[in-house]
Amino acid sequence: MSLRAELLRLALRAGFKQEYGAEVDIARLRGRLEKFAYLAPSPPRGTVATKLTIGGVPAIRVATRHSRADRHVLYLHGGAYVYGRPAHYRDFIWRIANAADATVHVLDYRLGPEHRFPAAVEDAAAAYRALLAGGVEPRRLAVMGDSAGGGLTFATLLKLRDERDPMPAAAVALSPWTDLTLTSDSSVRFDEADPMLSVGPARLFARWYLGDADPKHPYASPLFGDPTGLPPSLIQVGSDELLLDDAVQLGERMRKAGVDAEVEVWPRMPHVWQLFARVLPEGQRAVRRIGEFLREKLDIN
């Protein structure tokens, strides 16, 4: 583990763990995160970011000089289903586009508590279907997300499979939140060790998103769904994350169902460390690994 990673853990604990340790006001939280959006560096020259709608859902399409016209990623951002937007990922999405030689479509799906479950799933499914209707081939398309967006990735795939839509070529999830009950062993063991997340605020966010919905519904918590028929998947998670079991147990269930699922547990990496690839060597290595996986899966056939 690099010194930069250790320093990042300390910074996250000071900046997020304390903030999330008390009752959270959603307007204040969103306002605070907006400040970070303006701090995100601009992508390198040659990157083209285009605002558009996909299936009626706002999105940003990001392409770099390495992006191939026939290779696509639908990206679902994190934020506990209640905050976050594509602008927060300005310094990350181009890296995925470069690593995968793909065009990345970052979805600005509806958030709770204003838009409760299953709004986010409906938006992601609508965008996926619109990409196919626009000529994108499923075998050249991957779905990817981080944190809540990682859980939403698998929730969306379950919905698409249940409704007999063609599956994409691959899925990638970074520190996915796949169990909104927050009752896993790791959520207890690492409630203090996780430098960013805490169970108390996460339960609040889950209530804001779910309302009266069952947290065990597979489209809310894909860990409780049947993963049969899902595409090959890569999951990356830190070894002492609150959401470690969300990733590891989902991978186990997928493999038992005959799905090609790789789960990489990275020692002491904080929640969604890949977003810090600009300064973190482990983030850069993780992005390269994601690129290798996507290029391999999107080149088949």
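The values are calculated or read from the model by the stated rules, or taken from the named source; none is laboratory data. What you are looking at is a predicted structure, and each value in this text was computed from that prediction instead of being measured. Methodologically, a virtual Cβ is constructed for each residue, glycine included, from the backbone with ideal geometry; neighbour enumeration extends over all protein chains shown. Each accessible area value is taken on the protein alone, full model and side chains, heavy atoms only, with ligands, DNA and RNA left out. Shrake-Rupley method; radii C 1.70, N 1.55, O 1.52, S 1.80 Å.
Tabulated data for the structure shown
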item: Lone qualifier among ALA206, ALA247, ALA261, ALA213 - being more than 15 Å from LEU174 (Cβ to Cβ) and either surrounded by 19 or more Cβ atoms within 10 Å (Cβ to Cβ) or free of Cβ contacts under 8 Å to residues at least 60 places away in the same chain (or both); result: ALA206
item: Residue list for region 222-231, filter: within 18 Å of GLY150 (Cβ to Cβ) and either in contact with a Pro (Cβ under 6 Å, 6 or more places away or on another chain) or open to solvent by 40 Å² or more (accessible area, probe 1.4 Å) (or both); result: PHE224, GLY225, PRO231
item: Any hit, region 142-154, residues being buried (at least 22 other Cβ atoms within 10 Å of the Cβ), farther than 19 Å from ALA220 by Cα and not aromatic (Phe, Trp, Tyr); result: yes
item: Restricting region 1-55 to residues that are aliphatic (A, V, I, L, M), modelled with pLDDT of 85 or more and more than 21 Å from the chain's Cα centre (by Cα), the residue that is nearest to ALA99 (Cα to Cα); result: VAL48
item: Count of region 62-120 residues which are aliphatic (A, V, I, L, M) and assigned to a helix (DSSP H, G or I); result: 8
item: Members of region 155-179 found to be open to solvent by less than 10 Å² (accessible area, probe 1.4 Å) and either free of Cβ contacts under 8 Å to residues at least 60 places away in the same chain or not in a loop (DSSP other than H, G, I, E, B) (or both), listed by number; result: ALA155, THR156, LEU157, LEU158, LEU160, ALA170, ALA171, VAL172, ALA173, LEU174
item: Every residue from region 86-106 that is open to solvent by 40 Å² or more (accessible area, probe 1.4 Å) and without any contact (Cβ under 8 Å) to a residue 60 or more places away in the chain; result: HIS88, ARG90
